[in-house]
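Notes follow once the structure below has been shown.
A short reminder: the numbers here are calculations on the coordinates, not readings from a lab. Here the structure is a predicted model, which is why all the values come from computation and not from measurement. Every residue, glycine among them, receives a Cβ derived from its backbone with ideal geometry; neighbour counts consider all protein chains shown.
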C-alpha cells in the first residue's frame, strides 16, 4: 500500500446515494476539500484526488478501485457496507445546521398505523432506503418490523409523503433536515410521527480496506480534526456545508468491519 | 449527503442547464440603449446561449449580470409582458448557475416569474413558461433542500404539451418528467414522439439538438 502512495494519486470518494447532485456539479467542491485536507495532513501536493458519485452502484464501483483509499459517506452507507468494504472510520462530520449526530423520524398518516405490529404489508420509503440494514437495525432499532415490510429508496421525499396521504400503505423515514422541515408542508397536520431514532452519526470519513498506511491515516485524521483552523480549511468545509470533524462516536452496536 | 445535501448538493448541484430551456436567439442586439422588449428578451437569450457554451466562471458571472440588467430594464418597460417575465426567469437561472450558494432562493424567484409569465401568456415561446417550469421542478433538488417537485414538474410538462404538442422541446420536457417519476414507458413514448416531430422540421441547430436529446433519452430508457 505504501507503494501506492509513492506511485499513484490516491482518491477520496464521496458517495451520497439518494441525495441530489451530479458528479460534475460537485467536483470543484470535493477537489477543494481534498486539497485542503491533504495539505493540512502534510501530504504532497496533488497526492489526493477526489471523486463524487451520487449513486449507490456507482459509489460502490468507485470504492472498489484500488486507488480509492478514503471515503466520505453517510452513516447509513457505513452501516450497510462498512463490513463488506472494510471501512475504518477516521472522523465524524460536523454538518452545519445538523451537527455530528441526527435523529431519523418515521412518519405516517394520522389515524393510520401506530406501532410496529400494525405495519404488515407496509413499505418504508426513505432516502436511506438503499441501506435496509440501517433502516431496520439503526434508525428503527426500537421497532421489530414485520418480515413483509418492504424498504424502498427514493430521492423524492415529497412524492413519498403524498403517497402516504393518498392512503397507500407507505411510511416515510425522514432524516433530521427533512423532519425539521415537515411543519412547513401544507399537509403536515395530516401526518404523524410514529417513532424516532436515537442520535446517530450523520457522515463519516473512513479508510477503505487499510489502503492508507497507519501513520498516514493518523496524520489525515489529525488534519481533519483541525481542518477548520487550517489554511483554506474553513472555505473547503463551508463549500460542503460542514463545520468540521470530531473523532468517530459510533453507537455501541454498530457492526465492526 | 447533507453535506451531504443541505449544502453542496442543494447549491452546487442546483446549477441547472436552464439556458437550454428557452428558445435560442439568433444574435444579440448591439445597441440596448433604446431597446424594445423584444431586443432585451433577445439579449438575455443570447447571454443564456453563451453561458451554455462552456465559458469560465468569471464570464458566466458577467453574462448573468448582463442578463439581470436587461431583465430589470425589460420589466421597467413592460412589467406585465410575458416576454419580460419569462426572460427575467431565464436571467435568474443564469444567476443561479453563477452564484450556486444563492441558487435555492434564485430558483424560487425564477419559478414565481415563470408562473407570472404563464398567467400573462401561456403560449409564449411555444408554452415556454410551463416547459421551463417543468424542467426546473424536475431537475432542482427536491423538498426540503430545494424547490424541486417532480409531481408538479410533470403537471407543468403536461400543460406545455397540451398547449403546444407539436413543439419537440415540450415532448422532451414531458419525457424527462415521466422518467423522473418512474414512468419509463411513458418517457420512451414521449422521447420517440419528440424525435418524430423534430425529424420533419427543416434542418437547423435546434433540430439537431432536439434529435440528440431524444436519442440520448431513448438510449437511457433502453
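Quick notes
- Remark: the Cα gyration tensor places the stretch A:105-257 in the prolate category, a/c being 1.5 or greater and a/b exceeding b/c.
- Put in line by how crowded their Cβ is, counting other Cβ atoms within 10 Å and starting with the fewest, B:36, A:40 read B:36, A:40.
- Note on the stretch A:16-84: Cα convex hull, mean projected area over all directions, 5.0 nm².
- Kirkwood analysis of the Cα pair distances in chain A returns a hydrodynamic radius of 19.0 Å.
- Tilt relative to chain A, helix A:23-41 - C-alpha long axis, 0 to 90 degrees, to 10: 50 degrees
- Alpha-carbon centroids, the stretch A:119-191 and the stretch A:205-219: separation in whole Å: 35 Å
- Here B:80, B:133 are placed in order of increasing Cβ neighbour count within 10 Å, fewest first, which gives B:80, B:133.
- When each of B:196, B:189 is scored by the number of other beta-carbon atoms lying within 10 Å, the sequence from fewest to most is B:196, B:189.
- Relative contact order (percent, whole number), the stretch A:104-196, Cα cutoff 8 Å, 6+ residue spacing: 48 percent
- Comparing mean-square fluctuations of A:227, A:161, A:60 from a GNM of chain A with C-alpha springs under 10 Å, the top value falls on A:60.
- Averaged over the residues of peptide A:235-247, the number of Cβ atoms from other protein chains lying within 10 Å of each residue's Cβ is 3.
- Rounded tilt (10° steps) of A:214-225 against the dominant C-alpha axis of chain A: 60 degrees
- Calculated FRET value between residue A:103 and residue A:253, using beta carbons and R₀ = 22 Å, to 0.05: 0.85
- Highest-fluctuation residue, A:140, A:185, A:70 considered, GNM on chain A with Cα pairs under 10 Å: A:185
- Computed P(r) (all Cα pairs; the stretch B:49-153; 5 Å bins; percent): 2, 14, 22, 24, 21, 13, 4, 0
- Seen against the Cα atoms of chain A and their longest principal axis, helix A:75-85 is set at about 60 degrees.
- For the stretch B:140-222, the relative contact order comes to 23 percent (Cα pairs under 8 Å, sequence separation of at least 6).
- Shape call, the stretch B:77-209: gyration tensor on alpha carbons, a/c limit 1.5: oblate
- Counting every C-alpha pair in the stretch A:48-168, the share spaced more than 20 angstrom apart comes to 52%.
- The stretch B:128-196 shape via C-alpha gyration tensor axes, a/c threshold 1.5: oblate
- Spin-label model distance (nm) - residue A:114 vs residue B:208, 7 Å beyond Cα toward Cβ: 6.7 nm
- Computed over chain A: relative contact order in percent, which uses C-alpha pairs under 8 Å that are six or more apart: 31 percent
- Alpha carbon centroid spacing (whole Å) that separates the stretch B:61-125 from the stretch A:30-67: 37 Å
- In the protein assembly as shown, the C-alpha radius of gyration followed by the widest Cα-Cα span (Dmax) gives 23.9, 72 angstrom.
- Result for chain A in a Gaussian network model with C-alpha springs under 10 Å: among A:231, A:50, A:198, the largest mean-square fluctuation is at A:231.
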